[in-house]
Ligand code: SF4
């Protein structure tokens, strides 16, 4: 067995023991492609890079940069350019569940600490139900709205958005994204290498979970006053 397989294999065993949740699409991609050296190499590359870094903010940014770089070619493909309706202000995917690593939750908490205001009532509501996807989708569409969506339905933390948000792109009619509770069959743009990078980041993370749950936890860990001082938009 190569050193690469041994290193990733050891991480996977630790990962299974830790029961850290990995986003469904990243897991599916890993299950399908982990036997292909080119794709397993992405997991290795990311693990190598972030294992050497002690700052959670820097680790998250390394992963975000890698995800963006892997996606450049995919999103520039003529078919994606022609058939993807995704654009600023189109926020269907920002009403779905997003999983984040502990490092990403740290980045989001920092933005709030710096003064960004969010709707804490909604964050708390989402946090209570969001570890169970069925319960989350029983919330009304407006209650599922991500706390980082601004008044014009754009992401207020775009540069710092989680990895999962960076890979969210569909093909076809934008109306298919306007989910109101029932599951929709979306045709997603395939972002396999970015998915492998995301898988690696969750593999490395000691903790992960839904964005609302992880963010609220981080805010409470950092300082309860941050939570109580933020506005209720
Ligand atoms: S973090 Fe930004 S991109 Fe991600 S779901 Fe929230 S508003 Fe949308």
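The values are calculated or read from the model by the stated rules, or taken from the named source; none is laboratory data. Note that the coordinates shown come from a computational prediction; the quantities given were computed from them, not determined experimentally. Cβ sites come from the backbone with ideal geometry, for glycine too, and all protein chains shown count toward neighbours.
Determine if the range 108-117 includes at least one residue that is within 14 Å of the chain's Cα centre (by Cα) and modelled with pLDDT of 90 or more.
Taking the range 108-117 as the starting set, the residues that turn out to be within 14 Å of the chain's Cα centre (by Cα) are 108.
Going one step further and asking which of them are modelled with pLDDT of 90 or more, we end up with 108.
For the range 108-117, residues within 14 Å of the chain's Cα centre (by Cα) and modelled with pLDDT of 90 or more: present.
Kindly list, by first and then second residue, each pair from a residue in the range 90-107 that is over 18 Å from residue 24 (Cα atoms) to a residue that is within 8 Å of the ligand (Cβ to nearest atom) and in a strand (DSSP E or B), limited to pairs with Cβ atoms under 8 Å and residues at least 6 apart or on different chains.
91/149
For residue 67, state whether it is surrounded by 14 or more Cβ atoms within 10 Å (Cβ to Cβ) and modelled with pLDDT under 95.
On the way: surrounded by 14 or more Cβ atoms within 10 Å (Cβ to Cβ): yes; modelled with pLDDT under 95: no.
No; evaluated as a whole, the condition is false for this residue.
Considering only residues of the range 52-61 that are in a helix (DSSP H, G or I) and surrounded by fewer than 19 Cβ atoms within 10 Å (Cβ to Cβ), which is farthest from the ligand (Cβ to nearest atom)?
We begin by selecting, within the range 52-61, every residue in a helix (DSSP H, G or I); these are 56-61.
Okay, now just the ones that are also surrounded by fewer than 19 Cβ atoms within 10 Å (Cβ to Cβ), so 57-58, 61.
Values: 57: 16, 58: 19, 61: 15 Å.
Among those residues, the one meeting the criterion is 58.
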